[in-house]
Structures are given as C-alpha cells and as structure tokens.
Amino acid sequence: MRAVAAAAGVSLAQVQYYFRSKDQLIAAAFRYVGDQLLASLHTVHGDEPSWARLREAIWLWLPLDDEREQAGRVWLAFAATAATHPRLTNESAHLDTDLRAWFANELDTLKQAGHTHPDLDTTATAAQLLALIDGVTLQSLVMPTEQRRRLACNTIDRFLTSLDDSPQ
C-alpha cells in the first residue's frame, strides 16, 4: 500500500481511504487492467469480423514491444495472484468470460459467413484461443524480445489459419 501511495504521489491515508485492504486495491487494479484490455477491442479496425480483425485484436495483447511487455507482466502478476486469492479469482473469471464471449462472437460471425468449418464449436474454440494467448504471453515474457514475434506467428497465426475454411 505504501509503494502504491508513493508511486501515486499521495499519502498512505488517501490510499487506505479508498481501499480498506490490499486485496481491495489489487481487485480494483485488476478491474482497471481488465477494462483497458476490453476497451482495446474497440480500437480494432473494421466493422465486420474478419480473420484480419481477429488477429489484430489478439496481437494487441501479445508482449511484442515495451508497452505490451509491461502490460503482459501486470497481467501475469494478477493472474498468479488470482489463482491463490478467491476474491480475485472471480474478477479474473469475469474478465475471461468477457474475452471468450468476444472471441466466440467474432468466430460465430465468421462461421455464418462460411469462413470456418460449419461444425466449428465457436465457444470451445474461443476458450482454446484465450488459452493460446495466455500461453504465448507467458512464454514470450521469458524469452528475448526479438524471438517473440516468431513464437506468436508459429502458434497464434497457425491456429487461426487452421480455422479458416474460406475458399482460396
């Protein structure tokens, strides 16, 4: 709490006025980061879902530059904390639900347009996609920056390509 107060340039009492416990502060920060992540989906170009739009949304989060690396490290810290703190587990679960719903909606639209196999389970595929993003993010954070883009292409792009059933 002291470190947060110092970083914000406010007194410890001000931080404690708004956040009665460390868990409340962490939960608020997690909600903020989650809201920022969801808001970034609105910056993706194109009105209609497409493979390019889906890829662009995913690549917004991958730690391929300094800013996204910092965001990835924050996500990792929150995810690790949420795994061991029941109050934060719910915050994490809600964010994951929202992200899976966004991906499933994009995939549903692609499916309706005939760009995926007609039997594609978009809900399960959205969960797989989120798991791939989490895994690529974690792996990227422990490797040199110059190797991260290749990892992302070899996993995320190959996965998306395997789903694309569009006439070539």
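Quick note on the chain: its Rg to Rh ratio, both from C-alpha atoms and Rh being the Kirkwood radius, is 1.03. The simple Förster model, with R0 at 22 Å and r as the Cβ-Cβ distance, assigns ALA77 and THR155 a FRET efficiency of 0.45.
ALA83 sits among other residues whose Cβ lies under 15 Å from its own Cβ, and their net charge, with Lys and Arg +1 and Asp and Glu -1, is -3.
Report summary: the helix-based calculation at 222 nm, which adds -39500 (n - 2.57) for every DSSP H run with n ≥ 4 and divides by the residues of the chain, gives -23000 deg cm²/dmol. The GNM of the chain, with springs linking C-alpha atoms under 10 angstrom apart, assigns the highest mean-square fluctuation among ARG20, ARG53, ARG73 to ARG20. Summing charges over all other residues whose Cβ lies under 11 Å from the Cβ of THR122, with Lys and Arg as +1 and Asp and Glu as -1, gives -2. Karplus-derived 3J(HN,Hα) values for segment 57-72, using 6.51 cos²θ - 1.76 cosθ + 1.60 with θ = phi - 60°, are 4, 5, 5, 4, 9, 5, x, 9, 9, 4, 5, 6, 5, 4, 4, x Hz; glycine and proline are entered as x. Taking a sphere under 11 Å around the Cβ of SER50 and counting the other residues whose Cβ falls inside, with K and R at +1 and D and E at -1, yields a net charge of -3.
Can you compute the label reach from THR84? Point 7 Å from Cα along the Cβ direction, backbone N cut-off under 16 Å, restricted to segment 1-42. What the label zone holds, given the 16 Å backbone N cut-off, is 22-23, 26-27.
Each residue, ALA113 and ALA7, gets one label point 7 Å from its Cα in the Cβ direction; the gap between the two is 3.9 nm. Given labels modelled 7 Å from the Cα in the Cβ direction, how far is it in nm from SER162 to GLN14? It works out to 5.1 nm between the two label points. Working from Cα pairs under 8 Å separated by at least six residues, relative contact order for the chain is 22 percent.
Put simply, when 26-38, 144-156 are sorted by average Cβ atoms within 10 angstrom per residue, most first, you get 26-38, 144-156.
Only the coordinates and a few stated rules stand behind these numbers; no lab work does. Just so it is clear, the structure is predicted and the values come from calculations on it, not from any experiment. No Cβ is skipped: glycine too gets one built from the backbone with ideal geometry, and neighbour counts run over all protein chains shown.
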